[in-house]
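Notes to accompany the following structure.
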Amino acid sequence: GRQQHVLRGHADRVSCVRICGDKETLVVSASHDKTVRLWHAERGQLVHLLREHAGAVTHVDVSRDGKSVLTASYDNTLRVWDVKSGKCTAVLRGHEAPVTCCQWDRKANTAASTSRDGTVRVWELRKKVVRQLHVLRGHTDWVQCLHYVDAKRLLVSGSHDATVRVWELKSGACVHELRGHAQVVTAVRWSSLGGGGGGGGDGD
């Protein structure tokens, strides 16, 4: 429970942090100062400064092998970065408004993103193939958050329209619309009933 380091360098609020690295543990931080920083967790030193986004960086996620980072930004794009070199390897364009959230699929070479344009988009991310697979339409306001349900091959999204939608990944179809909230849905997760209280990040 003892504080190890205070990581300073961002010039505006930090919007998201993740842990990554396949050999060494790194901390990844995204900020409204338009940058992403990779820090060495044990030494507290800056390893890479990623600064190609033209707007605030709202979210960050790490690939299942820990070798790539995905970032979402107010510049309407997502970017894929190589952890070792700190270089941008792909730019994902398609959203028509700021991107609010992003997540890698832990079971496939895909990722999903949400945006103020009211859509959820699913992307194929391979070394030689980067393309948009699905545009999931149905929300009537900003889409704020998402969560992969790996075991069931579903995607869950929450929106400023006060609804939660469940999407089938293979077809891109909305299979459930969950109503009941009176205001913005800010976070979503999946819990399997009867599974011993499970339902964490893997969505089992």
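The values are calculated or read from the model by the stated rules, or taken from the named source; none is laboratory data. Here the structure is a predicted model, which is why all the values come from computation and not from measurement. Backbone-built Cβ (ideal geometry, glycine too); neighbour counts: all protein chains shown. Note: accessible area is taken over every heavy atom of the protein model, side chains too, but ligands, DNA and RNA are not part of it. Shrake-Rupley method; radii C 1.70, N 1.55, O 1.52, S 1.80 Å.
Taken over the range 119-138, the criterion of being assigned to a loop (DSSP other than H, G, I, E, B) and either buried (at least 20 other Cβ atoms within 10 Å of the Cβ) or within 16 Å of the chain's Cα centre (by Cα) (or both) is satisfied by Thr119 alone. The C-beta contact set for the range 129-142 (first residue closer than 16 Å to Ala97 by Cβ and at pLDDT 95 or above, second residue in a loop (DSSP other than H, G, I, E, B) and open to solvent by 70 Å² or more (accessible area, probe 1.4 Å), distance under 6 angstrom, 6+ apart or interchain) comprises Trp142/Arg116. Looking at the range 146-179, which of the residues that are charged (D, E, K, R) and modelled with pLDDT under 95 is surrounded by the most Cβ atoms within 10 Å (Cβ to Cβ)? Here the residue is Asp150.
All told, Ala182 falls short of being open to solvent by 70 Å² or more (accessible area, probe 1.4 Å), part of a loop (DSSP other than H, G, I, E, B), at pLDDT 95 or above and within 22 Å of Thr71 (Cα to Cα). Across the range 12-32, the number of residues qualifying as part of a loop (DSSP other than H, G, I, E, B) and in contact (Cβ under 8 Å) with a residue 24 or more places away in the chain comes to 4.
Checked against (1) open to solvent by 40 Å² or more (accessible area, probe 1.4 Å); (2) under 16 Å from the mean Cα position of the chain (by Cα); (3) at pLDDT below 95, Asp105 passes all but condition (1). In the set (1) within 23 Å of Val135 (Cβ to Cβ); (2) outside any strand (DSSP E or B); (3) among the hydrophobic types (A, V, I, L, M, F, W, C), the condition left unmet by Leu92 is number (2).
If the condition is being surrounded by fewer than 18 Cβ atoms within 10 Å (Cβ to Cβ), hydrophobic (A, V, I, L, M, F, W, C) and touching a Lys or Arg at 6+ places or on another chain (Cβ under 8 Å), then the range 6-32 contributes only Leu7. The residue that is least open to solvent (accessible area, probe 1.4 Å), among those in the range 41-92 that are under 20 Å from Gln144 (Cα atoms) and of a type in the set (Asp, Glu), is Asp61.
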